[in-house]
Every structure is written in C-alpha cells, then in structure tokens.
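Following: one structure in structure tokens, then a few remarks.
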Amino acid sequence: MAKAKPKIQGRVTFEEDRCKGCGLCVNACPVNIISLDNNKINAKGYHPATVTDMDKCIACASCALMCPDVVITVERL
Amino acid sequence: MAIVFQKTRGLTDVETHYCPGCTHGIVHRLVGEVLEELGVLDIAIGVAPVGCAVLAYKYFNCDMHEAAHGRAPAVATGIKRVHPENFVFTYQGDGDLASIGTAEIVHAAHRGEKISTIFINNAIYGMTGGQMAPTTLVGQKATTAPYGRDEAHCGKPIRIAEMLATIDGAKFVERVTVTSPAHVRKAKKAIKECFKVQIEGKGFGIVEVLSTCPTNWGLTPTEALKWLEDNMIPYYPLGNFKRPEEVE
Ligand SMILES: Cc1ncc(C[n+]2csc(CCOP(=O)(O)OP(=O)(O)O)c2C)c(N)n1
Ligand code: SF4
Ligand code: SF4
Ligand code: SF4
Ligand SMILES: [Mg+2]
C-alpha cells in the first residue's frame with residue numbers, strides 16, 4: 001500500500017477472509033473505488049471486496065456501515 | 001490518523017452463517033455497538049429466537065439464552081424479573097414474533113415488561129426456505145404461495161409496530177430499515193433510544209427493522225435492498241410510533 005500522501009484522506013482495510021462478496025460496500029461507496037476482485041478467491045470461496053484507488057477514499061465509512069460481516073475498518077489520515 | 005470505524009466489542013469474533021448480503025448481519029452489528037456505547041454489554045442478557053438468527057448466541061458478546069419458537073419475550077420476562085438489574089433484550093424474526101409468538105410479544109408489551117425487542121421483518125420465513133409469513137406482501141411469491149400472496153385467501157400483511165403502539169405498556173415503538181448508510185445511522189439511533197427506555201425503567205420497547213432475505217427473495221443483495229425500498233416501505237411506513245414523552 002502506498003505511503004500516506006497529504007491529499008489522501010482515508011484508508012480502508014478489509015479482513016479479507018471474512019468477506020462474502022455480497023457487493024453492498026461496492027454500491028455504498030460514493031467515490032466508486034470498491035470492487036469485487038474477480039482474480040481472487042478467499043478462504044470462504046468468494047471474490048473479496050477490494051479498493052482500487054485508495055487515494056480517492058474520503059473516510060466516509062459508508063462501506064463499513066453497509067457491511068453485514070464487519071469486514072471493514074476505516075481510518076482518517 | 002484516527003479510526004473512523006472499527007468492529008465493536010459487542011460482537012464476538014465468530015463469523016456468521018448468514019447468507020452473503022443478508023441484513024441480519026448489519027442489525028447484529030448495530031445492537032452490539034449500542035450495547036457497548038450504553039455501557040450495558042457486561043450486564044446484557046439476550047434471548048435468541050428460532051429462525052435464521054437462531055445462532056445469535058454465538059455472535060453477541062454477552063450472555064445469551066435460547067428460546068423456543070416465538071417464546072423469547074416470555075423467556076426474557078422471566079430473566080428480567082429475576083435479574084432486574086440486568087439489561088434484557090430479544091432478537092426475533094417475523095415468523096417468530098408475528099406468527100407463532102404473537103401472544104408472547106403482545107402480552108409482554110401489555111404487561112409493560114422492562115425488556116427491549118429487536119424485530120427483524122424480512123417478509124418471509126427465511127430459515128425454513130421461504131414460506132409465507134404473516135408479513136409477506138400481497139402478491140409476493142413464497143414457497144407456500146407460488147402465485148404470490150392472495151389477499152382473499154390469506155388477508156393483508158400484519159403491521160406489528162402499529163399494533164403494538166396501541167398497547168399502553170409499550171413505551172417505545174419505531175420502524176426503521178438498513179438499506180443505505182443514512183438508514184443504518186437512523187436505525188442505530190432508534191435502537192439506542194429503545195434500549196435507554198429499558199435502562200431508565202420506563203417499560204417495554206421495540207424496534208422493527210425492515211430487513212432483506214436475498215436468498216429466499218431470489219434477488220442479489222443489492223437488488224434486495226431496492227426491492228425492500230420499492231415494495232416494503234410503502235406498506236410498512238418508517239418512523240417513530242411512540243416514545244415515552246408522548247405517553248406520560
Ligand atoms: C415450534 C416450531 N414450529 C416450527 C418450527 C420451524 N421453523 C423454524 S424457523 C421458522 C420460521 C423462521 O422465520 P423468521 O422468524 O421470519 O426468521 P428468519 O429466518 O426469516 O430470520 C419456522 C417456522 C420450529 N423450529 N419450531
Ligand atoms: S470510506 Fe467511504 S470513500 Fe472510503 S472506501 Fe469506504 S465508502 Fe468509499
Ligand atoms: S459488504 Fe462486507 S461482506 Fe459484502 S462485499 Fe463488502 S466487505 Fe465483503
Ligand atoms: S435465508 Fe434469508 S434471512 Fe436467512 S441468512 Fe439467508 S438471506 Fe438471511
Ligand atoms: Mg423472517
């Protein structure tokens with residue numbers, strides 16, 4: 001993960017093996033930076049959620065509020 | 001750097017068995033967060049239902065008790081009367097609370113038991129494979145209503161929040177949903193207010209949460225949120241039906 005640059009406002013981390021690939025966080029993100037990683041399969045057998053462009057994260061926590069499996073931690077940088 | 005969101009101590013680390021995108025998980029988290037924030041986690045005793053939340057005792061990080069189908073309010077009554085200093089809540093589905101357990105919830109409210117109930121209305125019997133519930137919408141398909149619920153045959157869906165709000169012993173009644181971050185925040189506020197009613201010794205409280213069952217509705221988790229908003233909210237209006245100031 002890239003080092004914090006001044007313009008970065010937020011960082012989300014996924015406890016990836018808990019993710020069920022439901023996509024609720026994908027739709028909740030206002031800056032559309034979350035997607036399901038189709039190249040990966042986690043321990044549960046799902047395509048886990050991942051962030052494509054962390055620089056755009058605004059630490060709004062919308063993704064975490066919608067996650068039914070408490071996979072996501074959100075930090076403000 | 002500041003943590004904006006992290007997992008509550010109100011939940012254990014056990015991974016839930018819920019289907020992907022099932023909103024039972026969101027409501028569990030809100031209950032856990034509220035128990036922690038109100039400082040009652042260590043004195044809380046929850047009563048789990050029969051239904052998909054039957055394993056809730058593994059997920060809430062407090063003492064838990066299992067109840068026979070629909071009987072959680074009766075079990076909670078006994079616990080609260082023996083342990084009035086503890087915080088006692090039930091977590092029940094619509095098959096559990098609005099069907100087989102209707103007598104228990106009505107009379108617990110009527111007696112003004114100082115317990116709190118989280119009522120998950122997903123308009124279906126989830127655990128058993130999608131049978132029609134009293135809350136299933138007219139026209140909604142279920143395994144026992146393959147052509148959709150027929151009003152002439154089964155009547156209209158029951159509105160639990162409105163019904164319980166007519167009972168004097170019920171001091172807090174609100175209906176919420178969890179289909180967006182804004183709704184999740186409102187739902188948490190309602191659960192907190194409801195739990196405070198018990199802590200302040202004012203009486204019975206219930207929060208009805210309109211919830212999804214993507215698996216038995218035959219929709220993706222995201223489609224299920226939209227279906228809930230388009231079909232359930234018009235029939236089951238959101239909002240507060242009763243809070244202590246208004247009844248005293
Ligand atoms: C006495 C009794 N009758 C019937 C059942 C079968 N049964 C198990 S769960 C359930 C319905 C659960 O539906 P709901 O309360 O809506 O929970 P959900 O799974 O939708 O969250 C039924 C009828 C049972 N376990 N015990
Ligand atoms: S915190 Fe907000 S901006 Fe950042 S990934 Fe989550 S939803 Fe997107
Ligand atoms: S909401 Fe949670 S479980 Fe669903 S895809 Fe996102 S991180 Fe995974
Ligand atoms: S069957 Fe329905 S209510 Fe039960 S866990 Fe699956 S989606 Fe949730
Ligand atoms: Mg149900």
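The values are calculated or read from the model by the stated rules, or taken from the named source; none is laboratory data. What you see is a predicted model, and the numbers here were worked out from it, not measured in a lab. In this analysis, Cβ positions are derived from the backbone assuming ideal geometry, glycine residues included, and neighbour counts consider all displayed protein chains. Note: accessible area is taken over every heavy atom of the protein model, side chains too, but ligands, DNA and RNA are not part of it. Shrake-Rupley method; radii C 1.70, N 1.55, O 1.52, S 1.80 Å.
Miscellaneous remarks
- Only lysines eight or more places from A:K44 in sequence, or on another chain, were considered; those with a Cα closer than 23 Å are A:K20, B:K7, B:K58.
- Across chain B, the mean sequence separation of Cα contacts (distance under 8 Å, 6 or more residues apart), normalised by length, yields a relative contact order of 18 percent.
- Relative contact order of the stretch B:1-137: 21 percent, from C-alpha pairs under 8 Å at least 6 residues apart in sequence.
- Unit charges at the beta carbon, dipole of chain B: most positive-side option, B:P73, B:N240, B:L30: B:N240
- Highest to lowest packing among A:25-38, B:17-30, B:148-161, scored as the average C-beta count within 10 Å: B:17-30, A:25-38, B:148-161
- Percentage, to the nearest whole number, of Cα pairs in the stretch B:3-54 over 17 Å apart: 41
- Rg/Rh ratio calculated on Cα atoms of chain B (Kirkwood radius): 0.95
- Debye, to nearest 20: dipole size of the stretch B:1-141, +1 on Lys, Arg Cβ, -1 on Asp, Glu Cβ: 260
- Cα-centred dipole magnitude for the stretch B:24-247, charges only on beta-carbon of K, R (+1) and D, E (-1), debye, nearest 20: 120
- Reachable aspartates and glutamates, given that their alpha-carbon falls under 18 Å from the alpha-carbon of A:K40 and they are not under 8 places away in the same chain: A:E15, A:E16, A:D17, A:D53
- Taking a Cβ cut-off of under 10 Å around B:R175, the surrounding Lys, Arg, Asp and Glu residues balance to a net charge of -2, with basic ones at +1 and acidic ones at -1.
- Hydrodynamic radius of the stretch B:103-187 per Kirkwood, over alpha carbon pairs, in Å: 14.7
- Value of relative contact order over the stretch A:14-76, rounded to a whole percent, pairs C-alpha under 8 Å and six or more apart: 39
- When the accessible areas of A alone and B alone are added and the area of the pair subtracted, with a 1.4 Å probe, the result is around 2300 Å², both sides summed.
- Between B:A68 and B:R185, the FRET efficiency estimated from the beta carbon spacing at R0 = 25 angstrom works out to 0.15.
- With all pairs of different C-alpha atoms in the average, the Kirkwood value for the hydrodynamic radius of the protein assembly as shown is 20.1 Å.
- Ratio Rg/Rh, restricted to the stretch A:14-76 and using Cα atoms, in which Rh is the Kirkwood radius: 0.93
- Among beta bridges that DSSP assigns inside the stretch B:30-151, antiparallel share in %, nearest 5: 10
- With a 10 Å cut-off around each Cβ of A:56-69, the average count of Cβ atoms from other chains is 6.
- Computed magnitude of the charge dipole of the protein assembly as shown (debye, nearest 20; Cβ of K, R +1, Cβ of D, E -1): 520
- Average beta carbon contacts from partner chains per residue of B:215-227, 10 Å cutoff: 2
- Partner shielding of B:21-28 amounts to 5, given as the average count of beta-carbon atoms from other chains within 10 Å of each residue beta-carbon.
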